[in-house]
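First, the structure itself, so that you have it in front of you.
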Amino acid sequence: MDVYDAIRQRCSVRKFEDRPVKEDVLTRVLDAGILAPSGRNTQEWKCVIVRNAERRGLLAEAAEQEFIARAPLVVAVVSLDPVREMYCGIQAGPVDCAIVIDHMTLAAVAEGLGSCWIGHFDQDKCRAILDVPPPAKIIEMLVMGYPADSPGRKQRKSPADLICWEKFS
Ligand SMILES: Cc1cc2nc3c(=O)[nH]c(=O)nc-3n(C[C@H](O)[C@H](O)[C@H](O)COP(=O)(O)O)c2cc1C
C-alpha cells in the first residue's frame, strides 16, 4: 500500500471484530514501530503487548473507556526515560514514543487493521497493571484489531490555518 493511501485511510477505530490479530500481521506492525526514528537513535522505549482479556478489562477501567476491553489487542508504549530533554527544551521520550505509535498505526492500515490512540488513562493504575517500573512512563496506548465500523470523514483545519511560510503567523 502506498504511504499516502495509508495516511488517508487511517482513522480512529473503536469497534473491532471478535477475532485475534494474526501473529505474522502483528509482527509486521511491531517491526514498523521498531523502524521508527528516535533522537540520537537511543530507542529508549518498550512496547507492552496486552492480549489477556482480564488485563485489557483492567486497562479499560483505568482509562475509563469500555471499548478498550473489546479490542483484541492493546499496545502500551513506554518511555524508559520520559524526562530527558533535547537541546530544544522538549522531552525526547514522548516524541520518540509518538513516532513509534504513528508508524504502527500506518502499518496497521496496510495490514487491514484499525487502531485508536489512547491518551486518556490513569498513569499510576496502568503502570501497576502492566508492572512498569519507575522512572518509566506509559506515553500512550494503542488499541488494535480488525475494524467493525466504517471510517468517518476526517475533520481537519484548512492548510491556511495550519501552515505558514518563512515566519510564524
Ligand atoms: C495523543 C492522542 C490521544 C488520544 N486519546 C484518545 C483516547 O483516549 N480515546 C479515544 O477514543 N481516542 C483518542 N484519540 C483519538 C483522537 O480522538 C482522534 O485521533 C481524533 O479525533 C482524529 O480522528 P481520526 O484519528 O479518526 O483522524 C487520541 C489521539 C491522539 C493523537
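The values are calculated or read from the model by the stated rules, or taken from the named source; none is laboratory data. In this text, all values refer to a predicted model and were calculated from it rather than measured experimentally. With ideal geometry, Cβ positions are generated from the backbone for all residues, glycine too; neighbour counts draw on all protein chains shown. Side chains are part of the model used for accessible areas, which takes the heavy atoms of the whole protein and leaves out ligands, DNA and RNA. Shrake-Rupley method; radii C 1.70, N 1.55, O 1.52, S 1.80 Å.
Where nothing but the Cβ of Lys and Arg (+1) and of Asp and Glu (-1) is charged, how large is the charge dipole of the chain around its Cα centre, in debye to the nearest 20?
The dipole of the chain has a size of about 280 debye.
Same structure again: What longest region of the chain stays clear of trypsin sites (Lys or Arg not before Pro) that DSSP places outside H, G, I, E and B and that have at most 10 other Cβ atoms within 10 Å?
1-152
With unit charges on the beta carbon (Lys/Arg positive, Asp/Glu negative), name the residue among Pro72, Pro94, Phe16 whose Cα is farthest towards the positive pole of the charge dipole of the chain.
Checking the options against the dipole of the chain, the answer is Phe16.
Given just the C-alpha atoms of the stretch 1-47, how large is their convex hull per residue in cubic angstrom?
Given the Cα convex hull of the stretch 1-47, per-residue volume reads 135 Å³.
OK, next. In terms of Cα to Cα distance under 15 Å, which aspartates and glutamates are near enough to Lys125, apart from those fewer than 8 places away along the same chain?
Glu54, Glu61, Glu64, Glu140
Using the crude model of +1 on Lys and Arg Cβ and -1 on Asp and Glu Cβ, and no other charge, please compute the dipole size for the stretch 51-128 relative to its Cα centre, in debye to 20.
Computed charge dipole of the stretch 51-128: roughly 200 debye.
Hey, another quick one. Contour minus end-to-end for Val3 and Glu166, with contour as 0.36 nm per residue of separation and end-to-end as the Cα-Cα distance?
56.0 nm
Could you provide, to the nearest whole Å², the per residue accessible area of the chain with probe 1.4 Å?
62 Å²
Write down the Å³ per residue value for the convex hull defined by the alpha carbon atoms of the stretch 114-159.
With only Cα atoms used, the stretch 114-159 gives 125 Å³ per residue.
Considering every Cα-Cα pair within the chain, what fraction, in whole percent, is farther apart than 27 Å?
Across the chain, Cα pairs with separations above 27 Å total 29 percent.
Of Pro20, Pro72, Pro134, which is the most mobile in a GNM of the chain whose springs link Cα atoms less than 10 angstrom apart?
It is Pro134.
Under the 0.36 nm per residue contour assumption, what length would be gained going from the current alpha-carbon distance of Arg55 and Asp18 to full extension?
Extra length from Arg55 to Asp18 when fully extended: 11.7 nm.
Quick check of the Kirkwood formula: for the stretch 59-144, what is the inverse mean of 1/r over all pairs of different Cα atoms, in Å?
13.5 Å
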